[in-house]
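The values are calculated or read from the model by the stated rules, or taken from the named source; none is laboratory data. Computed from a predicted structure; not experimentally measured. All Cβ positions, even for glycine, are placed from backbone atoms using ideal geometry, and neighbour counts span all protein chains on display.
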Amino acid sequence: MPLTTQTIGMKLILSTHNVTLTKAIEDHILVRIDKLEHFDRFAINARVCLEHDTTKAPERQFTCSMRLAVPGPDLFAEDSEADLYAAIDLVTKKIEQQIRKRQSKYKARNHTEASRTKRSRQEAGI
């Protein structure tokens, strides 16, 4: 049964598989989600899935996957580590990089459109 919590502006859906969800793990995820919400305030919800697979190699037993629902295509990241907290941190870092890339592409697109119209106005005036 997934756990659903509502942060300030974003809904968090947290599900686990073979992992006992402790208050410390939940707090760690909430801190990371709040950090992501700082980068993209238009995020709608975050789905976090934590898994523990004992059949895998010991250095890749804990898997964390995160899907951040934002306007446009959703952002998704997944990572496997020996430590659950490390997996959560790395997934958050990957999502953060995707948010930064999306924002810089948006800024670059607006900048090139503005410079293109400025250039056309200058050429028309000459």
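Here are a few things to note about the model shown:
- Candidates 117, 112, 92 - the one that is of a type in the set (Val, Ile, Thr), assigned to a helix (DSSP H, G or I) and in contact (Cβ under 8 Å) with a residue 12 or more places away in the chain: 92
- When residues of region 13-39 are limited to those that are within 18 Å of residue 77 (Cα to Cα) and in contact (Cβ under 8 Å) with a residue 60 or more places away in the chain, the one surrounded by the most Cβ atoms within 10 Å (Cβ to Cβ): 32
- One residue stands out among those in region 40-55 that are under 10 Å from the mean Cα position of the chain (by Cα) and among the hydrophobic types (A, V, I, L, M, F, W, C): the one that is farthest from residue 79 (Cα to Cα), which is 43.
- Filter result (surrounded by fewer than 13 Cβ atoms within 10 Å (Cβ to Cβ) and either touching a strand residue (DSSP E or B) at 6+ places or on another chain (Cβ under 8 Å) or among the aromatic types (Phe, Trp, Tyr) (or both)) within region 45-73: 59
Let's see how each residue does on (1) among the polar types (S, T, N, Q); (2) more than 22 Å from residue 26 (Cβ to Cβ); (3) modelled with pLDDT of 95 or more:
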| position | (1), (2), (3) |
| --- | --- |
| 46 | no, no, no |
| 57 | no, yes, no |
| 73 | no, yes, no |
| 104 | yes, yes, no |
| 123 | no, yes, no |
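- Condition check for residue 81: in contact (Cβ under 8 Å) with a residue 60 or more places away in the chain and crowded, with 18+ Cβ neighbours inside 10 Å: no
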